[in-house]
Amino acid sequence: MAESIEQGSEEKWKGKAIAEVKGVKAEKVWPLLEDFFGLSKWYPTPLCIPVEGLSGKPGCVRFCGGFKTPVDGDDKKALNWTKQKLLSIDPSQWTFTYCIVDSNVGFNSYFATWTVRPTAEGCEVEWRYEVEPVEGWKLEYLDSFADKGLHAMAKNMEQGLKTMEEALESHK
């Protein structure tokens, strides 16, 4: 049964997800992430459409839609969507911050930071987020949504970059 949460009755939810991109250096993954309008190329979101601005420039806005949330039933017919605004980006630190400016999934005061870090095996992508509690959700639902999505994205990036390298290598 869904829990009802009064707005402002709890502190913001905070969470993070981390996914490893094996065998791929951070400097190869970062260009894929800094393409703010290109999210659906890697993340399991069917739609990512530019709304305003230039991709990767603070102030640009993207529309993301078609994703399933952990609270959706099989009978849900409405399209889930968010409009996300890039707040800051630092290519030298491989990090960017964005917020959700509008949505139909109940996210209020949502802010997130994505960072790419080198590891011994390749690199990792970290997604940190905070949001006011969402009616009908539990923090565990959001954590699971972020974790599953980020791991799918890391796998897609890993496979895409390996395919490219193999193709280029075989062309030599």
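The single condition among (1) under 20 Å from TRP42 (Cα atoms); (2) surrounded by fewer than 13 Cβ atoms within 10 Å (Cβ to Cβ); (3) not charged (D, E, K, R) that GLN93 does not satisfy is (1). The residues of segment 47-56 that are in contact with a strand residue (DSSP E or B) (Cβ under 7 Å, 6 or more places away or on another chain) and in a loop (DSSP other than H, G, I, E, B), listed by number, are GLY53, GLY56. Contact map, segment 22-36: residues that are more than 13 Å from ARG117 (Cα to Cα) paired with residues that are buried (at least 19 other Cβ atoms within 10 Å of the Cβ) and of a type in the set (Ser, Thr, Tyr), Cβ distance under 9 Å, separation 6+ or inter-chain. Pairs shown: PHE36/TYR98.
How many of the residues in segment 54-84 are modelled with pLDDT of 95 or more and touching a Pro at 6+ places or on another chain (Cβ under 9 Å)? Here the count works out to 4. In the set (1) of a type in the set (D, E, K, R); (2) part of a helix (DSSP H, G or I); (3) closer than 16 Å to GLY15 by Cβ, GLU126 fails one condition alone, (2).
Among the residues here, SER109 qualifies as polar (S, T, N, Q) and modelled with pLDDT under 95.
Each residue in segment 18-35 was checked for being within 18 Å of the chain's Cα centre (by Cα) and over 19 Å from THR82 (Cα atoms), and 10 pass. When GLU140, GLU132, GLU126 are checked against the criterion of being without any contact (Cβ under 8 Å) to a residue 12 or more places away in the chain and of a type in the set (Asp, Glu), a single residue qualifies: GLU140. Of all residues in segment 89-112, those that are farther than 15 Å from SER55 by Cα have Cβ atoms under 9 Å from Cβ atoms of residues that are in a strand (DSSP E or B) and of a type in the set (Asp, Glu), 6 or more apart or on another chain, in SER109/GLU130; TYR110/GLU130; PHE111/GLU130; ALA112/GLU130.
Being part of a loop (DSSP other than H, G, I, E, B) and under 12 Å from the mean Cα position of the chain (by Cα) is the filter here, so list the residues in segment 36-46 that pass it. Matches in segment 36-46: TRP42, TYR43, PRO44, THR45. Among the residues making up segment 85-106, those that are modelled with pLDDT under 95 and in a loop (DSSP other than H, G, I, E, B) are ASN104, VAL105, GLY106. If only residues of segment 132-156 that are modelled with pLDDT under 95 and among the hydrophobic types (A, V, I, L, M, F, W, C) are counted, the one that is surrounded by the fewest Cβ atoms within 10 Å (Cβ to Cβ) is LEU139.
Would you please name the residue that is surrounded by the fewest Cβ atoms within 10 Å (Cβ to Cβ), looking only at residues in segment 9-57 that are among the hydroxyl-bearing types (Ser, Thr, Tyr) and out of contact with any Leu (no Cβ under 7 Å at 6 or more places or on another chain)? Only one residue tops the list, namely SER9.
The values are calculated or read from the model by the stated rules, or taken from the named source; none is laboratory data. All values reported here derive from a predicted model rather than from experimental measurement. In this analysis, Cβ positions are derived from the backbone assuming ideal geometry, glycine residues included, and neighbour counts consider all displayed protein chains.
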